[in-house]
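In what follows, a structure is listed as C-alpha cells, so that the remarks can point back to it.
The values are calculated or read from the model by the stated rules, or taken from the named source; none is laboratory data. Here the structure is a predicted model, which is why all the values come from computation and not from measurement. Here Cβ is always computed from backbone atoms with ideal geometry, including for glycine, and neighbour counts include all displayed protein chains.
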Amino acid sequence: MRRLDGYALLHLAGLEMRLVDLVAGLTLLGVAVLAVTGSLTVGTTPVHLSDLFGGALDEVQRYAVLGLRLPRALTGLLAGAAIAVSGAILQSLTRNPIADPGLLGLSQGALLAILFSLVLAPGIPRAWVPLIGSAGGLAVALFLARLTARGGGDALAILLLGLAVETTLSSITSIIILYAPTDLSFAISVWLAGSLYQVGWSSLFQMLPWLMLSLPLLFVAGPMLRLLELGEERAFSLGLHLGRARLAVLVATVLLTSAAVTVTGPLAFLGIIAPHIATFLLPSSGRARLILTGLIGGIFVVAADCLSRALGTEIGLPIGLSLTLLGVPLFIIILRLWSLNRPH
C-alpha cells in the first residue's frame, strides 16, 4: 500500500486502486444486495422479509420469489450495469458528457438487427438473438470507426456521425413498427419502452455469456479510458494507439449494449445519468469509474422495476419511464448541488 494525492492505494490482483474507491464499491455492492432483496417482496403475491429469512414461504410465494422475482432482479441489475458502463465508456471516448449507446446509434443498430430477424424469421431460436444484436451494434461501430479513420478517429466526428446514424436507424425502426402485424408491433413497442416483463432465468442465462465476453475488454479498456480523458494529444504522447484503443472500446461497448438491449430494451437515459452520479459521489477514473458506474446503473434498474411492479398493473410501468421518473429529479438535484459547490 502507498499513498498518492492524499488517498491510500491498494494493489489487489495486479490492480492499482484507491482505498476510497474500494470502500465506495463495497458500499454500493451492499446497496445493490439490499435493492435485490427488497425487490423480492414487491408484487401482487405478498411476501415479507420475515418470510424470506424465516423460510416460511408457501408454494405460491416460493414460485413468485425464486421463479419470477429473483431472475428479474438479477437480470435488471446486470442489464443496468451494462448500459451504465457503456455510457461511461462512450463519454470518456468522445469526451462528451451526454454520450450514451443510444446517442451514437449502437443501441439502434442492435435493435434494428433484432427487429429484422423477428419480422423475417419469427421462429428464430432465442439463443441467436444476442448474436444478431451484437452484429447490428458492431456494424454501426465499425461504420463509425471507418468513416472517422482518416481524421484519426476524432471524438467530435464520431459523436456527430453517431447522431446521424441514430436518427436514420430510428426512422427505419418506426417504419417497421408501423407496417408490422398488430401483435408484433405491440410487442416491439413494449420492448422499445424498456421492460423486464416476462424475464426469467432463461433471459439471464441468455445475457451472461455476452457480458462475460466483454470483461477482458473492459479490463484492458480501463487504462485506455484514463489516457483518453487526458486528451488525444497527451494520450498519443504517452504511447496510446488511438485507433486500436477506440476499436477495443467500441467492441466492449457493443457487447455490453447488445446483451442488455436484447433482454430489456434500450433503457434510455440510464447511460447518461449513471456516470455523472458516480462522478458526483466519488470522482474517479479508469476501471474504478466503470465499476462504480455499473453498480449505480444496476441499482437504478432494480429500483425502477420495483416502482413499476408496485403500481399493481398486469404489465407494469415501462422500465424506461420508471427510470426517467426516478433518475431525472435526482439528476437535476445532483447537477444543482454540483454547480453550487464548484469554485467560481
Identify the residue in the range 233-271 that is more than 23 Å from Leu208 (Cα to Cα) and of a type in the set (A, V, I, L, M) and, among all such residues, is modelled with the highest pLDDT.
-> Ala245
What pairs come up if the first residue lies in the range 12-28 and is over 13 Å from Ser284 (Cα atoms), the second is surrounded by 13 or more Cβ atoms within 10 Å (Cβ to Cβ) and modelled with pLDDT of 80 or more, and their beta carbons are under 6 Å apart, counting only those six or more places apart or on different chains?
-> Leu28/Leu295
For the range 160-201 the number of residues that are touching a helix residue (DSSP H, G or I) at 6+ places or on another chain (Cβ under 8 Å), loosely packed, with under 14 Cβ neighbours inside 10 Å and either at positive phi or not in a helix (DSSP H, G or I) (or both) is 0
Scan the range 49-61 for residues that are more than 21 Å from Leu77 (Cα to Cα) and either in contact with a Gly (Cβ under 6 Å, 6 or more places away or on another chain) or surrounded by fewer than 14 Cβ atoms within 10 Å (Cβ to Cβ) (or both) and jot them down.
-> Ser50, Phe53, Gly54, Gly55, Ala56, Asp58, Glu59, Val60
Which numbered condition Leu68 misses (of (1) more than 14 Å from the chain's Cα centre (by Cα); (2) modelled with pLDDT of 90 or more) = (2)
Could you pull out the residue among Gly136, Gly123 that is free of Cβ contacts under 8 Å to residues at least 24 places away in the same chain and over 30 Å from Leu307 (Cα atoms)?
-> Gly123
For Ala79, all conditions in the list (1) small (Gly, Ala, Ser); (2) modelled with pLDDT of 90 or more; (3) surrounded by 22 or more Cβ atoms within 10 Å (Cβ to Cβ); (4) closer than 25 Å to Pro283 by Cβ hold save one; what is the number of the exception?
-> (4)
